[in-house]
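See structure below.
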Amino acid sequence: MLNESADKGDDRMSKEPVRKFYLKEFKAISHAMSTYGDLNLLLNHLVEGTTRTFEAKGCSIMLFDETENQLFTVSSFGISDEYLSKGPLLVDKKYCAFVKGEPMFIEDLSTDSRVHYPNAAKKEGLVTMLSIPILFLEESIGIIRIYSNDMKKYNADDIDALKILAEHLGLVIEYHGLKNFLEKVYTAVESLPARTLKSMI
């Protein structure tokens, strides 16, 4: 009986997805987020590094535009332009990861009712998708998506690590947005005539 129980335990352990994301990778990415001055370069490195770490088909980072009420891709790796331009990604209840602020895993993109463009996913050769919301002050501002062309599953610890990094990314994105805004303000102020500047003091 003891051997039988042990065998069952081994079976359960063997079914647990292998962890891909360890402290070494976590520290390296966290450091990069804190030191990169170029946000676009950071995002490009993130999608490529994530794809390679998880041996996925590709990865994309999308940000939410409140005016259009949709998600726009700002960086991607391993995914064709044709797939990325498949159509608008309007935010509704189907985008559970973004709306609920929690990770969402889709096991079959060709049949899941939450997928807006199943035919495009099938044509691209995509099978599974893991979505991680990018949060800032507990509000979703974007999403990270990892695409695979096989029946891939993810270790729970890896998902937790991605959640933390996505929150860190949210801070970085908001910081760069505020920084760009202030730079525009400074530029506008510096372009004002001297007499106008004196009247503002």
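A short reminder: the numbers here are calculations on the coordinates, not readings from a lab. This is a predicted model, so every value here is computed, not measured. So basically every Cβ, Gly included, is an ideal-geometry build from the backbone, and we count neighbours across all protein chains shown.
For segment 35-88, the orientation-averaged shadow of the C-alpha convex hull comes to 4.5 nm² (one quarter of the hull surface). 3J(HN,Hα) couplings calculated from phi for segment 124-134 with the Karplus curve 6.51 cos²θ - 1.76 cosθ + 1.60 (θ = phi - 60°) are, in sequence order, 6, x, 8, 10, 10, 8, 10, 10, 10, x, 9 Hz; Gly and Pro show x. Residue exposure proxy: 174, 124, 66, ordered by other Cβ atoms within 10 angstrom of their Cβ from fewest to most, comes out as 66, 174, 124. Backbone phi angles across segment 105-114, fed through the Karplus curve with coefficients 6.51, -1.76 and 1.60 (θ = phi - 60°), yield HN-Hα couplings of 10, 10, 7, 9, 5, 7, 10, 5, 5, 7 Hz in residue order; Gly and Pro are listed as x. How many nm separate the modelled label positions at residue 24 and residue 116, each set 7 Å beyond the Cα in the direction of the Cβ? Once both label points are built, they end up 4.0 nm from each other. Residue-wise HN-Hα couplings along segment 31-40, as the Karplus relation 6.51 cos²θ - 1.76 cosθ + 1.60 with θ = phi - 60° gives them from phi, are 5, 4, 4, 7, 10, 5, x, 9, 5, 4 Hz; Gly and Pro carry x.
For the pairs 24/100; 86/123; 20/153; 57/86, flag any whose C-alpha to C-alpha distance is greater than 23 Å. From 24/100; 86/123; 20/153; 57/86, over 23 Å: 24/100.
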